[in-house]
Structure formats: structure tokens, C-alpha cells
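The values are calculated or read from the model by the stated rules, or taken from the named source; none is laboratory data. Because the structure is a prediction, the values reported are computed rather than measured. Here the Cβ positions follow ideal geometry from the backbone for every residue, glycine too, while neighbour counts run over all protein chains shown.
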Amino acid sequence: MEPIKVSHPLLEHKLAILRDKKTGTKEFRELISEITLFLCYEAMKDAKTHEVEVETPLVKTKALMIDENNYVFAPIIRAGTGMIDGIVKMIPNAKIGHIGLYRDEETATPVRYYYKMPAGIENKEVIIIDPMLATGGSGMDAITLLKEDGVKKIKFLSIIAAPEGLKKLTEAHPDVQVYCAAIDERLNEVHYIVPGLGDAGDRIFGTK
Ligand code: PRP
Ligand code: URA
């Protein structure tokens, strides 16, 4: 599936501030959350709705709702957890699963250290969240873990993606729809996205 690059002037504006090395921890966290709202909004476009009856102050009327319990959002720890806030603002009852992966600093290959999904995961739509899709290794491994667990519908929300990683991931998992806010130029020699925003986890958690 071709990745979907979400476009909006407000999103571009927020991305510009997010990329700026002068942006501090508080604002960086807020921007990650706000940008995630846009991505979540787009990714939920195909959500099924059912009819309900509500009583306005004037009359009874029919309205449409989604079943929030059908969706599990799965952040890749650490940086992905910074996106949870934006997700639960949109879908307050969304279930959250956690996937612990870090990139080996030398090889940039993902190392697994934690995996915990809500019960009945095989019948849910799972939306992986991670602000950075660089070599695609972490994203691909997260998808593999979910597929091994029997998950049939998977989406992937990233804020900035590198063309190399996007290509690898979409070729390896053509059934997974990727949404991103930016597709950058390239990876550098140490597998960082250029121009990128630096290390997302360090900037969210203030660890450097
Ligand atoms: C970052 C990022 C992704 C991964 C992307 O996490 O949040 O999970 O790198 O790179 P890839 O596409 O090449 O796998 P990192 O491993 O730095 O861990 P952290 O979030 O704990 O800082
Ligand atoms: N992870 C990050 O946080 N930033 C990058 O540029 C690549 C991977």
C-alpha cells in the first residue's frame, strides 16, 4: 500500500517548530501530541460507525458513533509513548498496548525487550504509533510481533519517515497502511533521518 502523507498548512507549521533544535521539551511534547491528533484523525477515516439515539435539549435524534473498543494503539517504546496523549484526546477509551524495541547503536537493528497487548488483540484493529520511521527495522519488527499474535488489520502512524525505511516497510508488509506527516530526504551514515528532528526519544523525555 502506498503511504499516506497527511498534508495541512497547520501541520506543516507545527512540524517546522518541532524540527527546530531550539524548541524545548515542553513545547516539543505538546507538538508531538498535536501532530498525532492530525494523523489519528486521518487514520480513523475508514472507522465503522453505528447509529445511536440521542436526546438533544430540543428533540430525540439519530447520530453516529464509532466503537472505541475496536481499536488498540500500540506505541513503540520510548518515543511512541509521547504520542499516546494525542490519541487519547481523540479516542478516550482506546486500549493501549506496548512494544519495547530499541535500535542497536552500531547496527541500527531493533532489539526486543517488552511486549504487552490487551486481551483479544487478534480481533482488534491495531494502530502502531512511533514518531520516527528511519531504516524501518523497528516498525517492521513491531508489525511482525502483532501478526504473530494473529492481528489482521494494522496501521502505522509516524510523524517523520525516511524514504528508505518507508520503501522497505511497505514492501515487506504491503497490507499495512502507513500515515506520516513528512517524508524526509534520506538517512545519514548513522541512520538518522535528515533533515529530521534529531533523536525523538531524547527530545520528548529530555534525556540529552
Ligand atoms: C527510535 C524511534 C523508532 C526507531 C526508528 O527509537 O522512536 O522506534 O528509532 O528507527 P528505525 O526505523 O531505524 O528502526 P530508538 O531505538 O532510538 O529508541 P527510543 O525511542 O527508546 O529512544
Ligand atoms: N530515531 C530517531 O529518534 N531519530 C532519527 O532520526 C532516527 C531514528
Some residue of region 58-68 being modelled with pLDDT of 95 or more and touching a helix residue (DSSP H, G or I) at 6+ places or on another chain (Cβ under 7 Å): no
Selection count where residues are more than 14 Å from ligand 1 (Cβ to nearest atom) and either loosely packed, with under 13 Cβ neighbours inside 10 Å or of a type outside the set (A, V, I, L, M, F, W, C) (or both), scope region 172-198: 6
Qualifying residues in region 80-95 (those that are surrounded by fewer than 23 Cβ atoms within 10 Å (Cβ to Cβ) and over 15 Å from Ala43 (Cβ atoms)) - the one nearest to ligand 2 (Cβ to nearest atom): Thr81
Neighbours by Cβ (under 9 Å, 6+ apart or cross-chain): first from region 81-108, free of Cβ contacts under 8 Å to residues at least 60 places away in the same chain and among the basic types (Lys, Arg); second within 16 Å of ligand 2 (Cβ to nearest atom) and assigned to a helix (DSSP H, G or I): Lys89/Thr36
Answer from Val190, Val194 - the residue that is within 13 Å of ligand 2 (Cβ to nearest atom) and farther than 28 Å from Ser7 by Cα: Val190
Residue selected from region 122-142 under the condition touching a strand residue (DSSP E or B) at 6+ places or on another chain (Cβ under 8 Å) and more than 12 Å from ligand 1 (Cβ to nearest atom), by the criterion nearest to Gly165 (Cα to Cα): Ile127
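Mind checking which residues of region 131-164 are within 16 Å of ligand 2 (Cβ to nearest atom) and within 15 Å of Arg112 (Cα to Cα)?
At the first step, the residues of region 131-164 found to be within 16 Å of ligand 2 (Cβ to nearest atom) are 131-142, 156-164.
Correct list: Gly136, Gly137, Ser138, Gly139, Met140, Asp141, Ala142.
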Failed item in (1) of a type outside the set (D, E, K, R); (2) within 15 Å of ligand 1 (Cβ to nearest atom); (3) not in a strand (DSSP E or B), with Cys40 passing the rest: (2)
Region 109-141, residues that are surrounded by 16 or more Cβ atoms within 10 Å (Cβ to Cβ) and at positive phi: Gly136
Matching residues, region 70-121, being out of contact with any strand residue (DSSP E or B) (no Cβ under 9 Å at 6 or more places or on another chain) and part of a strand (DSSP E or B): none
Asp149, sole failed condition from (1) surrounded by fewer than 21 Cβ atoms within 10 Å (Cβ to Cβ); (2) near ligand 1 (Cβ under 10 Å from one of its atoms); (3) not aromatic (Phe, Trp, Tyr): (2)
